[in-house]
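Bear in mind that the values in this text are calculations on the coordinates, not laboratory data. These numbers were taken from a predicted model, which means no experiment stands behind them. Note: ideal-geometry Cβ built from the backbone for every residue, glycine included; neighbour counts use all protein chains shown.
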Amino acid sequence: MIPANVDAGRYVHIARWQAHVASFTRATQDSWRVVERPVPEEPEKADEEGDEEEDDEEGDDPFGLDDSDDDEETRKMMREKADKIRAIQERQAAKKGKAKSNLTIDVKPEDAETDMDEVTEAVKAIEMDGLKWLGGQLIDVAYGIQKLRIMCQITDEKIPSADIVVEACEEVGGVQSVDIFAFQMA
């Protein structure tokens, strides 16, 4: 419901609409109220014989793809796809137990006075079955603080989660936190 005293300066269009509606008599305004929605009429049904003739013309396939050549091509494509999937599964089964992943981590120091060369040596000294350290570098962060970005290769069967390596690095003295920078299957 809109109040009778609308600010015409602020709501120009509403005031104009309100003045227009007020110009009609009360009986006319009451006739505008729709109590029931009209029910839409159903379209006329065509006779059933005409529908059957149309269906016969279209055939069983509404898209016109009945050619048997297409079925043979589809079967050939499906066989090729199945062969590719089988080959991938065989390669994966052959690698079982040998699968490796490359893990790159960022090791952040506790403060600006932390000797990152010592942290690098301590991180590389971490030994686990299935863990091989590849190399690392110190990266400037801000205000003379550096972080260590180091890469290692892990055997997936022996080290099932990268979090194991991250937690071992966080236990090194002088390390504030360790984040995974990248993780790829080797």
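In table form, for the structure just shown:
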quantity	calculated
Integer Hz, Karplus 6.51/-1.76/1.60 couplings in order for the stretch 76-84, x for Gly and Pro	5, 5, 5, 5, 4, 4, 5, 5, 5
Fully extended contour minus Cα-Cα distance, from ALA99 to GLU167, at 0.36 nm per residue	22.3 nm
Total charge dipole magnitude, the stretch 100-185, about the Cα centre, Cβ charges on Lys, Arg, Asp, Glu only, Debye to nearest 20	460
Length-normalised contact order of the stretch 100-185 in % [C-alpha pairs under 8 Å, at least 6 apart]	50
Long-range amide H partners of VAL141 with built H, under 5 Å	GLN146, LYS147
Stokes-Einstein diffusion coefficient of the stretch 100-185, Kirkwood radius over Cα pairs, 37 °C, 0.692 mPa s, in µm²/s	255
